[in-house]
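Asker: Below: one structure in structure tokens.
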Amino acid sequence: MAIRKRRGGFQVLVYAGLDPITGRQRYISRQVNGSRREAERLEARLKTQVADGGHVGTRARTLAEMVDVWLDWRASNGRDISPRTLDDYRNLAVSKIAPGIGRHSLGKVSPRLLDAFYQQLRREGNAWARPRTRKDGTKVPPRPGVSRGLSASRVLDVHVILSGALSLAARWGWIAQSPAAVARPARGRGVQRPMPTPEQVRELFAAVADDPEFAAFLRLSATTGLRPGEVCALRWVDVDLAYGKLSVTGNIVIGKGLPEGYLRKSPKSDHGIRHLAFDQTTAMQLREHQVLRRELAEEFGAVLAPEAFVFSCEPDSRQPIRPNTVAKRFTKKAKALGHGYTLYGLRHFMATQLGAVASANTVRSRMGHGSLAITSIYAHPVEEADRAAARYMGDLLDGRASWHSARAFGDGSLADVAQNVEG
């Protein structure tokens, strides 16, 4: 503790303990442009504040450093988070937050600053970061015709990170309150995901008929509405070819920090664990695919085990095919056909087509989300309504769907169900 002359006044230094992160000694510094007595009164107030638990924050902490602290805390605090989501958060922290407003100290981050940052991200993406430069020192101009602005959902991801980091700082007493609690990220209009027509899906199937594995993958995606990661996570033990049903018990996520580059994780909720029927044509394609996988394994002196993945690039199918690998291959094929939808569009296709004839409960349980309670997973694994759904989707894709197929549900038109399929 000290009071010393400085710039025509007095500087007051009060010891505030050790920095909770760096372990270094911390001092509170204040300038008094008045008499020494005024400086002594300020010193007394600061000592009282420190004794009462004030000033426990970390002076060296910037917003970027706090985000890093939160990311490490979030990865190990026991709450479930996908490795892919965590990787995405880290990338946003490095590419958007750190070069944008990461240099600001925690105490200087305000709702106004955050709102301005969010608006800037919407307009110009990473415009607050330093311009990219070449080795010769010249600036890299933006590509013509390419918008640098982030989507509203992407800005919301940034807000989630900042809100988590600042809330943690407030809870630990490093700041008085979180400015992110009252900040409002810029919102945009929802963009409807492109979706194929039945004719386009049939054209797609015809184009991949010479590739049995890819054809089976796409057929299963379109008839069941499974997420690409859920199809990749299927093992032969999850598939009952005799009764035409499968169990959804996992999802493949990819991430740089994972031991093998991927992880088979459980669904986010109980609704994600479900048992679905599939039609006879899908069963036939899967049966033929299984024979081919078994023959390939035997060629390499291996055995196709029950725990082997249904879709794999390995001879013994011990590792799953990656969702991004299938997505890239699908995009290439769709573009060649002149189709403007992604692999995920097949999931929306199933929901929309089935939603026109089936009940909300049937569609939501098949999609794996909503508030539908599963009362007895093991007693009645596949309901008759779900079998009717499987038959209808098979007939639709094989060109046999009719009013009689739709009447099997007996519950009218519910096309609005398709609006609730983003997950």
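Asker: Just to be sure before I move on: is ALA308 small (Gly, Ala, Ser), in contact with a Lys or Arg (Cβ under 8 Å, 6 or more places away or on another chain), outside the structural domain of ASP87 (by TED's automatic domain parsing) and in contact (Cβ under 8 Å) with a residue 40 or more places away in the chain in the structure I sent?
Answerer: Numbers: small (Gly, Ala, Ser): yes; in contact with a Lys or Arg (Cβ under 8 Å, 6 or more places away or on another chain): yes; outside the structural domain of ASP87 (by TED's automatic domain parsing): yes; in contact (Cβ under 8 Å) with a residue 40 or more places away in the chain: yes.
Yes; evaluated as a whole, the condition is true for this residue.
Asker: Quickly run through the range 71-114 and pick out the residues that are modelled with pLDDT of 90 or more, over 15 Å from GLY164 (Cβ atoms) and surrounded by fewer than 17 Cβ atoms within 10 Å (Cβ to Cβ).
Answerer: Those that are modelled with pLDDT of 90 or more, over 15 Å from GLY164 (Cβ atoms) and surrounded by fewer than 17 Cβ atoms within 10 Å (Cβ to Cβ): ASN91, VAL94, SER95, PRO99, ARG103, HIS104, SER110, PRO111, ARG112, LEU113.
Asker: Going through PRO381, PRO320 one at a time, which residue ends up being under 19 Å from PRO267 (Cβ atoms) and modelled with pLDDT of 85 or more? Show your work before the answer.
Answerer: Numbers: PRO381 fails: modelled with pLDDT of 85 or more.
Result of the check over PRO381, PRO320: PRO320.
Asker: OK, next. For the range 303-346, how many residues are part of a loop (DSSP other than H, G, I, E, B) and loosely packed, with under 15 Cβ neighbours inside 10 Å? I'd like the intermediate steps shown before the answer.
Answerer: At the first step, the residues of the range 303-346 found to be part of a loop (DSSP other than H, G, I, E, B) are 303-308, 310-322, 338-344.
Filter once more, keeping what is loosely packed, with under 15 Cβ neighbours inside 10 Å: 303, 305-307, 313, 318, 338, 340.
The total comes to 8.
Asker: Under the condition of being part of a loop (DSSP other than H, G, I, E, B) and either surrounded by fewer than 18 Cβ atoms within 10 Å (Cβ to Cβ) or modelled with pLDDT of 80 or more (or both), which residue from the range 386-406 is nearest to the chain's Cα centre (by Cα)? Give the steps one after another, and end with the answer.
Answerer: Here is the first cut: in the range 386-406, the residues part of a loop (DSSP other than H, G, I, E, B) are 398-402.
Filter once more, keeping what is either surrounded by fewer than 18 Cβ atoms within 10 Å (Cβ to Cβ) or modelled with pLDDT of 80 or more (or both): 398-400, 402.
Working: ASP398: 34, GLY399: 36, ARG400: 37, SER402: 38 Å.
Among those residues, the one meeting the criterion is ASP398.
Asker: Could you pull out the residue among VAL357, VAL363, VAL417 that is in a helix (DSSP H, G or I), closer than 23 Å to ASP279 by Cα and either touching a Ser or Thr at 6+ places or on another chain (Cβ under 6 Å) or modelled with pLDDT of 55 or more (or both)?
Answerer: None of the others qualify; the one that does is VAL363.
Asker: Further question on the same structure: Checking the conditions here, which among LEU156, LEU204 is closer than 24 Å to TYR344 by Cβ, without any contact (Cβ under 8 Å) to a residue 40 or more places away in the chain and not polar (S, T, N, Q)? Quick ask: steps written out before the conclusion?
Answerer: On the way: LEU204 fails: without any contact (Cβ under 8 Å) to a residue 40 or more places away in the chain.
Testing whether each residue is closer than 24 Å to TYR344 by Cβ, without any contact (Cβ under 8 Å) to a residue 40 or more places away in the chain and not polar (S, T, N, Q) leaves just LEU156.
Asker: Residues VAL50, VAL56, VAL12: which one is modelled with pLDDT of 85 or more, more than 23 Å from the chain's Cα centre (by Cα) and more than 30 Å from GLY229 (Cα to Cα)? Steps first, please.
Answerer: Values: VAL50 fails: modelled with pLDDT of 85 or more; VAL56 fails: modelled with pLDDT of 85 or more.
Every option except VAL12 fails the conditions.
The values are calculated or read from the model by the stated rules, or taken from the named source; none is laboratory data. Every value quoted in this text rests on a predicted model; they were computed, and no experiment measured them. Reconstructed Cβ throughout: ideal geometry from the backbone, glycine too, with neighbour counts over all protein chains shown.
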